[in-house]
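Just below is one structure, and these are the notes that go with it.
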Amino acid sequence: MSQYQTIDNMSYALEQEKARKNRSKWIIIGCVAGLLVLAAIGTAVGVVVSRNNSKSSSSSSSSSSSNSGNGNSGNSSTSGGSGSGPANFAKDPNLHQAFYGMAYTPEGALIEFGCTNTLENTIRDIQLISQLTKRIRLYGADCNQTAQVLEAIKQTEVDMEVFTGIYVVADDHDAYLRQRDLIKDAIQTYGTKHIAGVTVGNEFMLNWVTEHGVTDPNTGVGLEGANILLADIQDTKQMLTDMNLDKHIPVGNSDAGSFFSTEVLTAVEYGLSNVHAWFANTTAEGASQWVFDFFQESNLTPAAALPNTPAMYIAETGWPTKSSDAANANNGGSDASEPNLQVFLDTFVCKANDDGIHYFFFEMFDEEWKDIKFGGVEGWWGLFNKDRTLKNVKIPTCISP
């Protein structure tokens, strides 16, 4: 067993992570059958973005004032920015920049569903997200989402960094090349100011070892998968070097908390670790401490022992608010509910900030496609409902560094 699998009582959580592996594949890649046609759609989205920089609608500016939830966001708001465009949007006094970072995928930015993401909707989202954090992480680059997010940041004039992403699939190298080139184009168009990193791979090793019927990413079959990922990581590094950029952009990797490859972590500057207490059968009250303990023992301590000492972030952590079926409404410890999300917010966010733990909260919005495709709790992890109204929770008032 690898050094990333040292906690005996984590076995159930690991099995639950394995069960999620096939679901994670659909986050970015979608159906291969329509790939070429739909990639063209993604390119068209980029053309629309670049040709409509000056366009803004009153609906995108006013939409952020609709974040009043069932209990905690009121109608009072303040305006910010300059002019009458997307930069001048209503600020909700019930929202605070309490979060170090937020996990985000623009609505509709999936090849499987036809790349229906729009600049208008992304602007609406960035207006909301910027009131909660200064950092977001993306999972992939298809549907030209990197350029779209950077354009939204430009038009809203918010202070925000983006950890861009390339979703790697073992048997589809063209998917890597396509996303790499989209990120390159986005950097060439918008510069490096808002780019915090390029994350190559999301749960690649988890998917690889599970598909091959093994558990250790650091021996035998696991090393074969790591070599695929390492080739793409090195290629991304070379691309950034060849671009002669005005600042260094780090390259990282994201995976399930217990499935990092030591070879891969040694080759990157940061790791993003998915750490979900829900899948470990914890109670809501015990969830935050479980996350802190797991992250320290499984990620921070082993990474600190590597020669390159990669920075480690929690890539995903949160608590679901409902289940589409009764069987998954309770994890064996607590219910999926808004009150329990509140418990997790109250016990995790400010302590993580105080302790200097860098994390991306999972996630900003409920995602309907996940509920349709997978059911259970999969579509219900958002702080906000699908319609961009805040759930019945109070955002912590501490301010993240």
What full-extension length gain, to one decimal in nm, is calculated for Asp346 and Ile372 as 0.36 nm per residue of separation minus the Cα-Cα distance? 6.4 nm
Would you kindly state how much longer the chain becomes between Thr192 and Lys386 on full extension, computed as 0.36 nm times their sequence separation minus their alpha carbon distance, in nm to one decimal? 66.8 nm
PRE zone check, label point 7 Å out along Cα-to-Cβ of Asp159, amide N under 17 Å, scope the range 100-144, hits 100-102, 127-136
Please say if the range 95-215 is rounded, prolate or oblate, where rounded means a/c under 1.5 for a ≥ b ≥ c the square roots of the C-alpha gyration tensor eigenvalues, and otherwise the choice is prolate for a/b larger than b/c and oblate otherwise? prolate
Spacing of the two label points (7 Å from each Cα toward its C-beta) at Val214 and Asp354, in nm: 4.3
Let me check the size of the range 189-283 from its C-alpha atoms; what are the radius of gyration and Dmax in Å? 15.2, 49
Taking the simple approach of a point 7 Å from Cα along Cα-to-Cβ for both Ile399 and Asp172, what is their distance in nm? 4.3
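With the alpha-carbon atoms as the only input, what is the per residue convex hull volume for the range 91-157 in Å³?
Numbers: hull volume 5.3 nm³, N = 67.
That works out to 79 Å³ per residue.
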Taking a crude spin-label model, label points 7 Å out from Cα along the C-beta direction, the Asp242 to Glu297 distance in nm is 4.5
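Every read-out reported here was derived from the displayed coordinates using simple, explicitly stated rules and does not represent laboratory data. Worth saying up front: this structure is predicted, and the values here are computed from it rather than measured. Positions of Cβ are generated from backbone atoms using ideal geometry, with glycine treated the same way; all protein chains shown enter the neighbour counts.
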